[in-house]
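A.B. asks: Right, I'll just put the structure down here and ask away after.
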Ligand code: BG6
Ligand code: MG
């Protein structure tokens, strides 16, 4: 039986996925590489450096910058992003997330986080939800970016739970791939067109219910 639920942060717990998009979009425009929401779907869940590479490649500019210049560009994006998350509070928790976390806690399951963001702890603290999490793995301790399963596997291991007894919750295609590669049950929040490889898809966070998910898990 399931022992843990491991959450992605950006776009699942709070709508920082939108802020990442706005910050990359601003950098893209500064570089003369405009892009739309459809392209942004391919950036979701992907690390800062890998996201920059994808944007530069889109514009055919991946060879125009030295590694130091690329670090500077990634830093600039992060400055835009940090500016946008300045005023985050518990008001920014997505609908239904607190009751879903409470439901998991009351059921006696462990709660973990597997985030690709170096800003994860800052965002979790600004939201006031750190106490819900038994363990948080952020980008600082992970070598390989989603869709690689490392971040989910590290979270399960820190929780002392076998991957096949964990559920992962994601909003990104790369994240769902990571959960499946970790051999966990994948719950996706968002559109079927991007997230069809998940085991269960809900349109919005307020549809997340442990009871309903467990009906679908067979372990
Ligand atoms: C992920 C987001 O959680 O973190 C990505 O989905 C983002 O959009 C990535 O690029 C890295 O975030 P940060 O805060 O380390 O730049
Ligand atoms: Mg996400």
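The values are calculated or read from the model by the stated rules, or taken from the named source; none is laboratory data. Given the structure is predicted, the values throughout are model-derived calculations rather than measurements. Cβ atoms come from the backbone with ideal geometry, glycine included; neighbour counts cover every protein chain shown.
A.B. asks: Six or more apart or on different chains, Cβ atoms under 6 Å: show the pairs whose first residue is in the stretch 91-104 and touching a residue at least 40 places away in the same chain (Cβ under 8 Å) and whose second is part of a loop (DSSP other than H, G, I, E, B).
C.D. replies: So the pair list comes out as 96/208; 97/13; 100/208.
A.B. asks: How many residues are within 25 Å of residue 175 (Cβ to Cβ), over 19 Å from the mean Cα position of the chain (by Cα) and not in a loop (DSSP other than H, G, I, E, B) if we restrict to the stretch 52-67?
C.D. replies: Counting residues in the stretch 52-67 that are within 25 Å of residue 175 (Cβ to Cβ), over 19 Å from the mean Cα position of the chain (by Cα) and not in a loop (DSSP other than H, G, I, E, B) gives 3.
A.B. asks: With respect to residue 74, is the statement that it is touching a strand residue (DSSP E or B) at 6+ places or on another chain (Cβ under 8 Å) and more than 16 Å from ligand 2 (Cβ to nearest atom) true?
C.D. replies: So residue 74 does not fit the description; no.
A.B. asks: So, in the stretch 1-22, of the ones that are assigned to a strand (DSSP E or B) and either on the phi > 0 side of the Ramachandran plot or touching a helix residue (DSSP H, G or I) at 6+ places or on another chain (Cβ under 7 Å) (or both), which residue ends up farthest from ligand 2 (Cβ to nearest atom)?
C.D. replies: Out of the qualifying residues, it is 4.
Yes/no per residue for (1) modelled with pLDDT of 95 or more; (2) within 13 Å of ligand 1 (Cβ to nearest atom); (3) closer than 15 Å to residue 13 by Cα; (4) out of contact with any helix residue (DSSP H, G or I) (no Cβ under 9 Å at 6 or more places or on another chain):
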{"residue": "104", "(1), (2), (3), (4)": "yes, no, yes, no"}
{"residue": "107", "(1), (2), (3), (4)": "yes, no, no, no"}
{"residue": "123", "(1), (2), (3), (4)": "yes, yes, yes, no"}
{"residue": "130", "(1), (2), (3), (4)": "yes, no, yes, no"}
{"residue": "163", "(1), (2), (3), (4)": "yes, no, no, no"}
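A.B. asks: Before we move on, is residue 49 surrounded by 16 or more Cβ atoms within 10 Å (Cβ to Cβ), closer than 29 Å to residue 112 by Cα, within 11 Å of ligand 1 (Cβ to nearest atom) and within 18 Å of the chain's Cα centre (by Cα)?
C.D. replies: no
A.B. asks: Looking only at the stretch 83-125, which residues are part of a helix (DSSP H, G or I) and out of contact with any strand residue (DSSP E or B) (no Cβ under 9 Å at 6 or more places or on another chain)?
C.D. replies: Hits for the stretch 83-125 are 83, 84, 90, 91, 98, 99, 102, 103, 106, 122, 125.
A.B. asks: Given the criterion more than 30 Å from residue 207 (Cα to Cα), away from ligand 1 (no atom under 11 Å from the Cβ), modelled with pLDDT of 95 or more and not in a loop (DSSP other than H, G, I, E, B), identify the matching residue among 70, 25.
C.D. replies: 70
A.B. asks: Let me ask something else. In the stretch 127-153, which residue that is within 20 Å of residue 78 (Cβ to Cβ) and surrounded by 19 or more Cβ atoms within 10 Å (Cβ to Cβ) is farthest from the chain's Cα centre (by Cα)?
C.D. replies: If we take residues in the stretch 127-153 being within 20 Å of residue 78 (Cβ to Cβ) and surrounded by 19 or more Cβ atoms within 10 Å (Cβ to Cβ), then 127 is farthest from the chain's Cα centre (by Cα).
A.B. asks: Give just the number: which of (1) over 24 Å from residue 132 (Cα atoms); (2) in contact (Cβ under 8 Å) with a residue 12 or more places away in the chain; (3) within 11 Å of ligand 1 (Cβ to nearest atom); (4) not in a loop (DSSP other than H, G, I, E, B) does residue 43 not satisfy?
C.D. replies: Failing condition for residue 43: (4).
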